[in-house]
Every structure is written in structure tokens, then in C-alpha cells.
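**Student:** Below are the C-alpha cells for one structure; questions will follow.
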Amino acid sequence: MSGGEPAAAGAPATGGACAQLKLIRAGDLSAATAQTSGMIRAAAISGELTGARSLWMGRTELLPGVNSGDHHHGESETGIYVVAGAPVFVCRDLATGELIRLETKPGDYVWVPPHVPHREENPSPDEVAVVVIARSTQEAIVVNLDGL
């Protein structure tokens, strides 16, 4: 098989850099990560779990009818992919002081710049909102706040 051809289905990865890949199954995520009230965060890719040096990635669930606490992620940029539900991301416009509400649906992405206070809300009375999060720092920085 040449370098550009995929391995046969079920064939184990062997040799070179591919042997360094790590598979993290859904059931292997770790709740031993920074938390914010109202949210259930689980780490998938972190220094502790995989040896990652500059990336943190995980899953967050927001139960029906729940709002998270206000928080920011320090120096970390955060990319969010909406998997399920219709979470709302809330922040304050620095110029006007008004609250801005980003209403999302599955397949949407949200970028959160460093140090921007925000919260997640799940307006659904019966559906869990699930998002996948990637951060530009290996540490899952979470600074919980008293308000936006």
C-alpha cells in the first residue's frame, strides 16, 4: 500500500506518526476539568488524557431549561460546534452595554475571543443542548463571574 491509500477497514494503524494517534471514545471523556454552574463539561483531548501540548477539546451539555453561569476563558480562543439542541450564547456589547443573544442550531459554529464574558442558555424545556468545544490553550481555562 502506498502512503496515499487508506488502510483496509479494521486494519490497525502501524508505523511512523500514525502510531501516535490516540482514539478517545465517548465513554472515556473526563469530567475532571474546569466547570461552570449549569453546564456539564467533559475533556476529550487534553494534556492529561492524550499528552496534548497546545490544544484542549471536549464536550459540554446544557440540560433543558438551564442557563450556565457567566464566565470567560482567559487568554484562550474558543471554537464551539453545536451538535444538538438550540443553545443561545449571550454576551454584552462593549459599545452599547446591551445583551447580545446568538441563537444557534445543530451545525452552527460560534467563536469566543479571549477574555469575553458570556453564558450559554438552553431555552428548550425537553432537549439537552450538546456542543463540542476546542480551545487554543491546552488548559481548559474557565473564569466564573458574578455577571456579564
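**Student:** Anyone know which of A26, A43, A129 comes out most mobile in the 10 Å Cα GNM of the chain?
**Tutor:** A26
**Student:** In whole percent, what relative contact order does the chain give with Cα contacts below 8 Å and a gap of six or more residues? If you can, show how the numbers build up before the last one.
**Tutor:** Values: 338 pairs, mean separation 42.7, N = 148.
After rounding, I find 29 percent.
**Student:** With each run of n ≥ 4 DSSP H residues scored as -39500 (n - 2.57), what mean residue ellipticity at 222 nm is computed for the chain after dividing by its residue count and rounding to the nearest 500 deg cm²/dmol?
**Tutor:** -500 deg cm²/dmol
**Student:** For I100, I40, which order do you get if you count the other beta carbons within 10 Å of each Cβ and list the fewest first? Write down the numbers at each step before the final one.
**Tutor:** Numbers: I100 12, I40 15.
Sorted ascending by nearby Cβ count, the order is I100, I40.
**Student:** Once you list every other residue whose beta carbon is under 9 Å from the beta carbon of A34, what net charge do they have if Lys and Arg are +1 and Asp and Glu are -1? If you can, show how the numbers build up before the last one.
**Tutor:** Numbers: positive: R41; negative: E139.
Neighbour charge sum, excluding A34 itself: 0.
**Student:** Candidates (1) 1.74; (2) 1.20; (3) 0.99; which is the computed Cα Rg over 2.2 N^0.38 Å?
**Tutor:** Structure-derived value, by its label: (2).
**Student:** Let me ask something additional. Using 0.36 nm times the number of residues separating A26 and T96, minus their current alpha carbon distance, what extension gain do you get? Display every interim value, and only then the final one.
**Tutor:** Values: separation 70, 0.36 × 70 = 25.20 nm, distance 4.14 nm.
Here the answer is 21.1 nm.
**Student:** While we're here: Can you find, among V132, V116, I45, the residue sitting farthest towards the positive end of the charge dipole of the stretch 25-144, where Lys and Arg contribute +1 and Asp and Glu -1 at Cβ?
**Tutor:** Checked the options; the winner is I45.
**Student:** Quickly work out the E139-to-E77 label distance, labels modelled 7 Å from Cα along the C-beta direction, and quote it in nm with one decimal.
**Tutor:** Taking the simple label geometry, E77 and E139 are separated by 2.0 nm.
FYI, it's all coordinate maths here, none of it is from the lab. These numbers come from a predicted model, not from an experiment. We place every Cβ from the backbone using ideal geometry, glycine too, and count neighbours over all the protein chains shown.
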